[in-house]
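Enquirer: Structure incoming, see below.
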Amino acid sequence: MPVRSRRKYFLPGFCLFLILSTALVRAAIVRGTVTTSLGTPVVHASVVLLQNSQIVAIAVTHSDGTYQISSSASGRFYALVSASNFKQITTLSFYAGTADSHQEDIVLESSNARQEMVVSATGTPAPEAPISAAVTAQRSGTFPNRTDLIDPLRQVPGDFVVRQGQYGALASLFIRGGNSDSNQVNLDGVPIGDIGGRFDYSNLSTSGIADLEVYRGPNSVLYGSDAASGAVNVSMSRGSTAFPSLFYEGDAGTFTTFRNRAQVGGTHKKFDYYGGFEAFQSDNSIKMDEFHDDTASANLGYAFSSATQLRVIASNSDAATGTPGPFNFYGIADAGKRSNQDIYLGASLEHRTYGNWHNLVRYGMTRKREEDINFYPAGIQLTSSNNYYGYNTVIDGANGYSVTGQAILNFPGTYPNTVEQVNNRDQVYFQSDYPFTQHILGLFTFRYADERGAKKSVAYGLDQNIERANYDYTGQIQGDYRSRLFYSLGGGVEKNQLFGTVGTPRLGLAYYPVRPGNGPFHGTKIWFNFAEGYQEPSLDEQFASLYDFLLGQQGGVAAIQQYRISPIVEEQSRTYEGGGAQSFLSERGLLRIGYFHNQYGRQIEPVPATEVPALLPQLSSSEQQSLESLISSAGPLEVNAQAFRAMGVESEVQYSVFRTLFLRGGYTYLDAVVQRSFSSSALEPVFNTGLPGEPAPSFSKVPIGAFDPLRGARPFQRPPHTGFVAVNYSGKQYAVAFTGAFASRSDDSTFLGGRDLVEGNSLLLPNRNLDFSYAKLDLGGSYQVLSWVAAYAQLDNLTGNKRIAPLGYPSLPFTFRVGLRFTIGHSSNK
């Protein structure tokens, strides 16, 4: 061919090559790996890339489970993945530009199995199957009619929720026998508990919540302080549709109960958004116990590229409830109110580089205000003492014992009186995780927290303030060997401004001698976990400690130096746990059984001031006597003196009868005992000898812990037997959910020692099995009237059991709510 002819064809061909090359370079590339829950590759899986419900491209996975899709389009995508013998899944929406390379790894589950992706055990998303720790995940679809998380938490093995009354009453969570303040609660990674771990679950609405995860066992390696018994992680909803999705539901029910909830969510190019508001109010069944909670939440995300994303979450709750107290002890409701304003804010920036190296930095802000007011001294004032009493009342314990008398409800003083408490926290968190190989993942975190707390009351002369600047580091490595042996090994170190440096380890192992699959008993898992945790003192514990008492006394600073007194230190925990899980009937069913042994040491308790010097090993006998004389005027001082253990067995079974019908149940046995204590109750147990001149009660020789459990006894409010059942049916038009929560009798106290008509102990009952056992049965359902309208109803406490709360606090009887649900577009859940 002549040179001129070659040039004639070369120039257009070169231009075409440049155009095609430019188009390829500017293509959005989506790549990843499709695996089973155990990490084995899924071959020939179909990966369909969709945008605005239109198919953009299709790929099929290779022998190693990898796939790659290119598209000249940009914007929001999601993938539809299917394979033989696996459930078809749809990924979350993601943004990819024309010059982006997006990594989307996908985990498929068997067509019969029910597995969830969780983050609580490892700090990175992982399927439940290879996890060695005990984690239970619930999605919002499993509790659609609930107003708070109390009943969903009762559907978790090892969990026991105590609510001191009705809607709005203080609700606490005990995990595996640990203390109620030793569980860290996070909202999208932002800690939202009080300083020291206390958290009231009554003020956490389900509005805007997409996921709930409960980790059982110490996990201070990942979460630092306050995760000495467990962790509760809550995730907010996200917008997912290409257009605004509107959602509204409203209902009404017994005891003048009303609820209204509105939500909007969607995506627009690089932006995804969600906003929600809920207003709930109820009069409850007794006077002076009205409750209302207004909650607003938002979740906003912006994708600079497929690799870099910014997310901001915010939540505000304004709640107020009456505080009638243990009404059954008095027959008169106390005239009080507790108000809470809780503001949570989180802003995170995360980036994922080629090779799947992931880095995240997050700022978290928590602002909590609590105000307790006692308006006037409710009760009957008797001139003999000027104290205010309840009516003459019979108190019946679940242990068969009973007493009769009038208890002191209020004392003379300044009314109204107010106690204000503030818990503020600002936190910066950094996480970097990198897959060294397909089977080894390394993780490093750094956390800095500035905590500020205050407690003030003019009536009680309180004006206390604290500030703690703390930081901690975590290093962890996790992976697997041939998709059979899975491991996680990590350690954490915290420098706490109050108590100094503390370190914690964690080791988890899981082994599959038989992998899941088709067959009657395919899928056998054995697991073991060891971990240590720690718990920082609360505001009240620090304010009432020996160190802080001396700081407020003349010559106290010199005494601190002379007697080498240190601030109150952290509480400690340790666990050994192990067990097995067995799938059956081609993974339609699953049985889990585990054993745990938790040890809690250096627990903080109030000790009589005269006994405190003897607990300080650095003091000589003469120094103990000198210190005792210096603090003799003090009341009980908070000291790290108590120890207890809690061991037991957890079991859970679940079975998918059909795709629309799912059964689940669980049982937990707990053996908890106080091993060491120096509280006033442990040092000098009380005996109820009755009123002067009257016959002594039949239990007059039984030692009683008036305010704390005795040595060798169970910790209060930890029943040895708990369980749950759930039946869920989800059809095209009907959805029905039946749940039951069960608990045996538990140890407790009436806490009325020294508060009866003659200020003796005649209203105390033996601690053993004082609180009643109960069964709480609930039924909820919905009917899809039209594609955008549904009617629903929630019936709680079907048997009308009023003894679900601790002794003295009447629970809500049978209640119901009925309402309508309107949806325009699709629900904007994560």
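Enquirer: May I ask you to compute the full-extension gain from T98 to S651, defined as 0.36 nm times their residue separation minus their alpha-carbon distance, rounded to one decimal in nm?
Expert: Values: separation 553, 0.36 × 553 = 199.08 nm, distance 5.01 nm.
Answer, rounded to one decimal: 194.1 nm.
Enquirer: At R0 = 35 Å, how high is the FRET efficiency between E467 and N356 if r is their beta carbon distance? Nearest 0.05 is fine.
Expert: Working: r = 40 Å, r/R0 = 1.13.
After rounding, the FRET efficiency stands at 0.35.
Enquirer: Distance from a point 7 Å along Cα→Cβ of Y595 to each backbone N in segment 666-693: keep the residues under 19 Å and list them by number.
Expert: 667-673
Enquirer: Could you list which residues have their amide H under 5 Å from that of V569, counting only those 5 or more apart in sequence or on another chain, with H placed in the peptide plane?
Expert: Here N640 satisfy the definition.
Enquirer: Could you look at the chain and say what percent of its accessible area is carbon and sulfur, using a 1.4 Å probe and all protein chains?
Expert: Values: 20310 of 34780 Å².
The value for the chain is 58 percent carbon and sulfur by accessible area.
Enquirer: Radius of gyration and Dmax for segment 301-398's Cα atoms, expressed in Å?
Expert: Calculated on Cα positions, Rg and Dmax stand at 25.6, 80 Å.
Enquirer: What number results when the radius of gyration of segment 243-375, computed over Cα atoms, is divided by 2.2 N^0.38 Å?
Expert: Working: Rg = 20.7 Å, N = 133, 2.2 N^0.38 = 14.1 Å.
Here the answer is 1.47, to two decimals.
Enquirer: Next question, about the same structure. Treating only the Cβ atoms of Lys and Arg (+1) and Asp and Glu (-1) as charged, compute the dipole magnitude of the chain about its Cα centre; round to the nearest 20 debye. Provide the component values of the computation, followed by the final result.
Expert: On the way: 65 positive and 71 negative charges, 755 e Å.
Dipole magnitude for the chain comes out near 3620 debye.
Enquirer: Continuing with this model, one more query. Treating only the Cα positions of the chain as identical point scatterers, give the base-10 log of I(q)/I(0) from the Debye formula at each q in 0.05, 0.08, 0.11 Å⁻¹.
Expert: -0.30, -0.75, -1.39
Enquirer: Taking the dipole about the Cα centre of segment 588-709, with the C-beta of Lys and Arg at +1 and of Asp and Glu at -1, give me whichever of S620, A609, G705 is farthest to the positive side.
Expert: Going by the Cα projections, it comes out as G705.
Enquirer: Could I have the simple spin-label model distance between R515 and R139, label points 7 Å from Cα toward Cβ, reported in nm to one decimal?
Expert: Label at R515, label at R139, 2.5 nm between them.
Enquirer: So, one more: Once the Cβ-Cβ distance between S629 and F411 is put in as r, and R0 is 30 Å, what FRET efficiency do you end up with, to the nearest 0.05? Spell out each step's value before the answer.
Expert: Details: r = 30 Å, r/R0 = 0.99.
According to the calculation, E is roughly 0.50.
Enquirer: Could you tell me the center-to-center distance, by alpha carbons, between segment 642-687 and segment 730-753 in angstrom?
Expert: Using only Cα atoms, the two centres lie 15 Å from each other.
Enquirer: In addition: In whole angstrom, how far apart do the alpha carbon centroids of segment 777-792 and segment 293-362 sit?
Expert: 28 Å
Enquirer: Next question. From the Cα gyration tensor of segment 378-429, with a ≥ b ≥ c the square roots of its eigenvalues, which class applies: rounded if a/c is under 1.5, or else prolate if a/b is larger than b/c, or else oblate?
Expert: Working: a/c = 5.96, a/b = 1.58, b/c = 3.78.
It is oblate, given that a/c is not under 1.5 and a/b is not larger than b/c.
Enquirer: Just to confirm, what accessible area per residue do you get for segment 671-790 at 1.4 Å probe, in whole Å²?
Expert: Normalised by residue count, the accessible surface of segment 671-790 is 45 Å².
Enquirer: How about segment 668-744: which trypsin sites (Lys or Arg not before Pro) there are in a DSSP loop, with at most 16 other Cβ atoms within 10 Å of their Cβ?
Expert: Details: sites: R676, K701, R711, K732; in loops: K701, R711, K732.
Passing both the DSSP loop test and the Cβ count: K701, K732.
Enquirer: For segment 682-783, what is the convex hull (Cα atoms) projected area averaged across all directions, in square nanometres? Spell out each step's value before the answer.
Expert: Numbers: hull surface 36.4 nm².
Average of the hull's projected areas for segment 682-783 equals 9.1 nm².
Enquirer: Any idea what log10 I(q)/I(0) is at q = 0.14 Å⁻¹ for segment 579-734, Debye with uniform C-alpha scatterers and no solvent?
Expert: Taking Cα atoms of segment 579-734 as identical point scatterers yields -0.86.
Enquirer: Right, something else. Which of the peptides 178-184, 516-522, 626-632 is most tightly packed, and how do the rest follow, going by the mean number of other Cβ atoms within 10 Å of each residue?
Expert: Per-residue Cβ counts within 10 Å, averaged per peptide and sorted highest first, yield 178-184, 626-632, 516-522.
Enquirer: Can you tell me the dipole magnitude for segment 532-582 around its Cα centre, using point charges on the Cβ only (Lys, Arg +1; Asp, Glu -1), in Debye to the nearest 20? It would help to have the intermediate numbers written out before the result.
Expert: Numbers: 2 positive and 8 negative charges, 54 e Å.
Using Cβ point charges on Lys, Arg, Asp and Glu, segment 532-582 gives about 260 debye.
Enquirer: Using θ = phi - 60° and the Karplus relation 6.51 cos²θ - 1.76 cosθ + 1.60, list the HN-Hα couplings for segment 184-201 in order, rounded to whole Hz, with x at every Gly or Pro.
Expert: Using θ = phi - 60°, the values come out as 7, 10, 10, 10, 6, x, 9, x, 10, x, 5, 4, x, x, 4, 8, 9, 6 Hz.
Enquirer: Could you do me a favour and compute the accessible area per residue for segment 373-455, 1.4 Å probe, result in Å²?
Expert: Normalised by residue count, the accessible surface of segment 373-455 is 46 Å².
Enquirer: If I take R0 = 45 Å and measure r between the Cβ atoms of K269 and Q582 in this structure, what FRET efficiency does the formula 1/(1 + (r/R0)^6) give, to the nearest 0.05?
Expert: Working: r = 48 Å, r/R0 = 1.06.
The pair K269/Q582 has a calculated efficiency of 0.40.
Enquirer: What is the magnitude of the charge dipole of segment 475-619 about its Cα centre, with +1 placed on the Cβ of each Lys and Arg, -1 on the Cβ of each Asp and Glu, and no other charges, expressed in debye to the nearest 20?
Expert: Values: 11 positive and 13 negative charges, 198 e Å.
My answer is approximately 960 debye.
Enquirer: So the label point goes 7 Å from the Cα of Q733 along Cα→C-beta, right? Which residues of segment 781-800 then have their backbone N under 16 Å from it?
Expert: It comes to 782-792, nothing else.
Enquirer: Tilt of helix 3-25 relative to the longest C-alpha principal axis of the chain, in degrees (0 to 90, nearest 10)?
Expert: Between the helix axis and the principal axis of the chain, the angle is about 20 degrees.
Enquirer: Turning to a different aspect of this structure: Want the number for I440 to Y248: 0.36 nm per residue separation, take away the alpha-carbon distance, what's left?
Expert: Working: separation 192, 0.36 × 192 = 69.12 nm, distance 4.52 nm.
Once the chain is fully extended between I440 and Y248, it gains 64.6 nm.
Enquirer: Relative contact order for the chain: what is it in percent, counting Cα pairs under 8 Å that are at least 6 residues apart?
Expert: Values: 2382 pairs, mean separation 84.5, N = 830.
10 percent.
Enquirer: Using 0.36 nm per residue, how much length does the chain from D396 to D64 gain when fully extended, once their Cα-Cα distance is taken away?
Expert: Details: separation 332, 0.36 × 332 = 119.52 nm, distance 6.68 nm.
So the extension gain works out to 112.8 nm.
Enquirer: Still on this structure: Go through G250, F280, Y302 and say which Cα lies farthest out towards the positive end of the charge dipole of segment 219-321; charges sit on Cβ, +1 for Lys and Arg, -1 for Asp and Glu.
Expert: Checking the options against the dipole of segment 219-321, the answer is Y302.
Enquirer: For a test of the definition: using alpha carbon positions, the gyration tensor, and the 1.5 limit on a/c, classify segment 115-226 as rounded, prolate or oblate.
Expert: Details: a/c = 1.63, a/b = 1.22, b/c = 1.34.
It is oblate, given that a/c is not under 1.5 and a/b is not larger than b/c.
Enquirer: Tell me, what is the per residue accessible area of segment 308-351 in Å², probe radius 1.4 Å? Before the final figure, lay out each step's value.
Expert: On the way: 1440 Å² over 44 residues.
Ligands and nucleic acids excluded, the result is 33 Å² per residue.
The values are calculated or read from the model by the stated rules, or taken from the named source; none is laboratory data. None of the values given here were measured: they were computed from a predicted structure. Cβ atoms come from the backbone with ideal geometry, glycine included; neighbour counts cover every protein chain shown. The protein model used for the area step is the full one, side chains on, heavy atoms only, and it has no ligands, DNA or RNA in it. Shrake-Rupley method; radii C 1.70, N 1.55, O 1.52, S 1.80 Å.
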